[in-house]
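The values are calculated or read from the model by the stated rules, or taken from the named source; none is laboratory data. What you see is a predicted model, and the numbers here were worked out from it, not measured in a lab. Here the Cβ positions follow ideal geometry from the backbone for every residue, glycine too, while neighbour counts run over all protein chains shown.
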Amino acid sequence: MTSPSEQQEWSRRRQEVFAAKEQALQAAREQEHLEATALIREAVERYRAAGIAPVPLRARPYRGSGTLRTGLEGWYLKHDRSLAVDAEGRYYVLRVDGGLRSRLLGATPEPSPAPMIVGRGGRDGDSFALQELLDMRLTDPVTA
């Protein structure tokens, strides 16, 4: 049988381990975002050099149909126009609340942390390397 002090010590050590793992995970996410942002900025420069102009970006509501103005300009990365990057190299998932206010005034999607693997953990065939999506934009006019 363990004493209350031993149980407290075990609990304290367990919390320290969880905190250390969470810090390491957060640091890895931040590093991934920095690397992905560098890739996006390089791609934006390549798009401009290739004469591919940014287009007004529209978002889709979580529920319902249609699209919403965003006030953003950039490049779509997928045919379904659910992902995009803007001229400053920020990454967007273009899904927003589709309430009446958004429909009348437009939506303001927030930039998301850029992943190196888009769709990680999703269905088979739904994940892509970010570099692959960025490169496809150079050769695929359909996403314009």
Item to check | Residue check, Ala28 surrounded by 10 or more Cβ atoms within 10 Å (Cβ to Cβ), free of Cβ contacts under 8 Å to residues at least 60 places away in the same chain and part of a helix (DSSP H, G or I) | outcome: yes
Next on the checklist: Among the residues in the stretch 75-84, are any part of a loop (DSSP other than H, G, I, E, B), under 19 Å from the mean Cα position of the chain (by Cα) and among the basic types (Lys, Arg)?
Outcome noted: yes
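Yes or no, residue by residue, for (1) among the polar types (S, T, N, Q); (2) in contact with a strand residue (DSSP E or B) (Cβ under 8 Å, 6 or more places away or on another chain); (3) surrounded by 13 or more Cβ atoms within 10 Å (Cβ to Cβ); (4) modelled with pLDDT under 90:
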site	(1), (2), (3), (4)
Arg69	no, yes, yes, yes
Ala84	no, yes, yes, no
Val96	no, yes, yes, yes
Ser102	yes, yes, yes, yes
Leu105	no, no, no, yes
Val118	no, yes, yes, yes
Gly125	no, no, no, yes
Phe128	no, yes, yes, yes
Val142	no, no, no, yes
